[in-house]
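Comments concern the structure below.
The values are calculated or read from the model by the stated rules, or taken from the named source; none is laboratory data. Note that this is a predicted model, so its numbers are computed, not measured. Cβ coordinates were reconstructed from backbone atoms using ideal geometry, including for glycine residues, and neighbour counts include every protein chain displayed. Calculation scope for accessible area: heavy atoms of the full protein, side chains included, ligands and nucleic acids excluded. Shrake-Rupley method; radii C 1.70, N 1.55, O 1.52, S 1.80 Å.
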2 protein chains.
Amino acid sequence: MTDVAREADVSLKTVSRVVNGVSTVDPEMAARVRAAVARLGFRRNSMARDLRTRSTSATVGLLIEDLANPFYAGIAAAAAQCALENDTLLITASSEEDADRERRLLLQMCERRVDGLLVVPAGSTADHVYLRTEIEMGTPAVFLDRPPTNVRADTVLIDNAAGARSAIEHLTARGHERIGVLSDWLSIHPMSERLSAAEAALERAGAPYRPDLIRFGLHHVPDTEAAVEEMLTGPQPPTALFALNNRLTLGVLSALNRLGRDVAVVGFDDFETAGLMAYPLTVVSYDARAMGRIGAELLFERIGGDASRPRTVVIPTTLVEHSGAVRPAPPAPARD
Amino acid sequence: MTDVAREADVSLKTVSRVVNGVSTVDPEMAARVRAAVARLGFRRNSMARDLRTRSTSATVGLLIEDLANPFYAGIAAAAAQCALENDTLLITASSEEDADRERRLLLQMCERRVDGLLVVPAGSTADHVYLRTEIEMGTPAVFLDRPPTNVRADTVLIDNAAGARSAIEHLTARGHERIGVLSDWLSIHPMSERLSAAEAALERAGAPYRPDLIRFGLHHVPDTEAAVEEMLTGPQPPTALFALNNRLTLGVLSALNRLGRDVAVVGFDDFETAGLMAYPLTVVSYDARAMGRIGAELLFERIGGDASRPRTVVIPTTLVEHSGAVRPAPPAPARD
DNA sequence: GAGAGTTCGGCCAACGTTGTCTCGTCGGCC
DNA sequence: GGCCGACGAGACAACGTTGGCCGAACTCTC
């Protein structure tokens, strides 16, 4: 900035006035300053500025499980959009379900003085006490998809119980009695919620409790495929499968395709190509982007000074039946 | 920090030494300081630190088109992973194909003193001269998927020409003579590259140039569906379609499903569920995550001081034939 | 021509932290 | 017992920017 002042032959103070848009500056002088700024390629150092003005850093942190998962990517996109509308940049990081990594990243963000945090807690036994201080010190946090542990804060959840219930009821209403359920790690809160709601719904429907039809701890696609294969090749295989998240659903479909089997499938989480699959697929659908958007909106209210009691927003689910695509006979085939 | 010093009854400087792990501090004193840090919930302000030490901000910026698109999400995830390995946080933003928005966001990142930039240029006529100064001033930039305009910098591209050529050759080898091509905005560099390579390959194969079988400017799914519908309901409809990116491919499949038509489809960009579709689908595949990873690695080399000539890395493509899933007859159906 | 209003420059301090330098203290060694 | 060296702690300035303040110079108005 000193260089700009020298280049434009004005005082340092005037440069500061110009770059801050103070109106009491002579237009000719302001133009000279702007020209010097352009010539020298000067960019205000917003770190120094924020330090001096004690203003916000205009940055929020988003911690999710895996950016590449379309579910989280949707959340991130919605949050980024909301951040942009609030003139704020978004720092994104993936915890990969590692609580320690989550902790390191969140504290790193706090050191960088983000204005707030959006957090999808890692599934492995996380403890968020360390965030209590940060929240009290003025860095609000909003939790997405999974509630926090040992700290109270705004939370946006999906109505997991209703979603799982509707899925099971959909299947039992169609006469299915042997329903296999596939779950990710139970340490992931939505998984345990979905699983217990599914079990309750099964019981209500009079379906006997069959531990051999419930598999959990399936975090990777190959595990899921193996579990499905094992279920279907056993005695009394299930006539329907309920997959508790989008990755599991893909594993199920892939396994069914490989085995050449056709069982009814319901999956938690909708996805873009769900309607184009060879199999009819019913999904528990909800507005994933809304979770990112609402979470970000809550966060910006907190940043704006809202000190009311922590709120919990629950996103409703709907059951969507994708009929499945059918391939008609080729009409005018080329030689082949 | 002053508060911590008072709390621990030591000097400010000693606190600084402790939080920086300087070894020459009396262990008893260090323990006292650490206790005070914990009691007060002190977190070092890394903005002030970076200001004083003139060190890097340990932050890089990533600007992509749309976080929710799995293609860009993959890039982002790979870049974030690489950033983490370099103890760096990632600021992410979406340009939504708006050059002005891109410019604003990138300059905002520069003001925040990111150590470097990863940029997927917006498709609309962008001009990156404004980055030249930044690059010269020590903020390196690496361009992904699309080359920069009016500035030289490291670039990671996909082998669009080879990919498009292999797609067309795949179809012509199977006897297709009427091949429809669907393209996004031609202002998006990979689109024009893919389209001209496709046209050249068609010509080489002796296919007559048919402007009615080439549609471009299709940025949204409904546009694509309409274009496909129009093509297929015309006289002499194509027997094969080549979609130049993943969104277009979805539009094509969705239109085919709605129309109940079956034509051969090749799509640029692979995607997770490509093998589970009702239609056999051939895709031009490549390692999308590699683009993010290699780009980030190049960037960190530059940040590390590498001043060699700008490099261009081209990611190869392969043609993958997904045979399409087939739904067998239900084996043991429930009543229904 | 005088007073009022406007605009710029310069100085100082401060944001939170760290590098440099200096000084005091203590232990050990001859 | 005295001297030296090492080590630990504190004072000060600086990073780049902005806010507050005052004085100087200029412009406008009556």
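Some notes on this structure:
- A full extension of the chain between A:Leu319 and A:His220 corresponds to an added length of 33.1 nm, given 0.36 nm per residue minus the alpha carbon distance.
- Computed from the Kirkwood radius of its Cα pairs, the Stokes-Einstein diffusion coefficient for segment B:1-130 at 20 °C and 1.002 mPa s stands at 123 µm²/s.
- Between segment B:245-288 and segment A:1-78, the Cα center-to-center distance that results, in Å: 44
- Counted over the protein assembly as shown, the DSSP beta bridges are approximately 20% antiparallel.
- Once the Cα gyration tensor of segment B:200-239 is diagonalised, semi-axes √(5λ) in Å: 21, 13, 7
- By DSSP, the beta bridges lying fully in segment B:232-336 are antiparallel in about 40 percent of cases.
- Charge dipole (the protein assembly as shown, unit charges on Cβ, about Cα centre) - positive-most of B:Met137, B:Ala288, B:His220: B:Met137
- Positive dipole terminus of the protein assembly as shown, leading residue within B:Phe71, B:Gly251, A:Val320 (C-beta point charges): B:Phe71
- In chain A, the DSSP beta bridges split such that about 15 percent are antiparallel, to the nearest 5.
- Lys, Arg +1 and Asp, Glu -1 on Cβ, resulting dipole of segment A:160-285 about Cα centre, debye, nearest 20: 200
- Three principal axis lengths of segment A:212-326 [C-alpha, angstrom, descending]: 59, 32, 20
- Helix-only mean residue ellipticity at 222 nm for chain A, each DSSP H run of n ≥ 4 adding -39500 (n - 2.57), per residue, nearest 500: -13500 deg cm²/dmol
- Assigned charges on the beta-carbon of Lys, Arg, Asp, Glu; the protein assembly as shown dipole about Cα centre (debye): 1560
- The Rg/Rh ratio for chain A is 1.15, where Rg is the radius of gyration of the alpha carbons and Rh is the Kirkwood radius.
- Where segment B:2-44 is the region considered: accessible area per residue in Å², 1.4 Å probe: 60
- Separation between Cα centres of segment A:149-207 and segment A:121-144, rounded to whole Å: 26
- Remark: spin-label model distance B:Thr2-B:Ser16 equals 1.4 nm, labels positioned 7 Å along the Cα→Cβ axis.
- Environment charge at A:Thr53 (Cβ cut-off 13 Å; Lys +1, Arg +1, Asp -1, Glu -1): +4
- Given charges at beta-carbon only (K, R positive; D, E negative), |dipole| of chain A in Debye: 980
- Projecting the Cα atoms of A:Ala240, A:Thr172, A:Leu107 onto the charge dipole of the protein assembly as shown, computed from C-beta unit charges around the Cα centre, puts A:Leu107 farthest toward the positive end.
- Cα-based helix-to-principal-axis angle, A:99-111 vs chain A, degrees rounded to 10: 20
- Ordered from highest to lowest accessible area with the whole protein assembly present and a 1.4 Å probe, A:His176, A:His128 read as A:His176, A:His128.
- Nitroxide proxy distance, nm - points 7 Å out along Cα→Cβ at B:Met137 and B:Thr233: 5.6
- Rounded tilt (10° steps) of B:70-85 against the dominant C-alpha axis of chain B: 30
- Computed E for A:Ser187/A:Asn150 - FRET, C-beta separation, R0 25 angstrom, nearest 0.05: 0.95
- Between helix B:246-259 and chain B: long-axis angle, C-alpha atoms, 0 to 90°, nearest 10: 40
- Whole-angstrom Cα spans of segment A:2-44 along principal axes, big to small: 24, 18, 15
- Global geometry of the protein assembly as shown, whether rounded, prolate or oblate, following the gyration tensor of its Cα atoms and the 1.5 cut on a/c: oblate
- If you sort the three axes of the alpha carbon gyration tensor as a ≥ b ≥ c, you get a/c under 1.5 for segment A:160-285, which makes it rounded.
- Extension gain from B:Leu259 to B:Thr125, taking 0.36 nm per residue of separation minus the Cα-Cα distance: 44.7 nm
- When its C-alpha radius of gyration is set against 2.2 N^0.38 Å (N residues), segment B:128-205 gives a value of 1.46.
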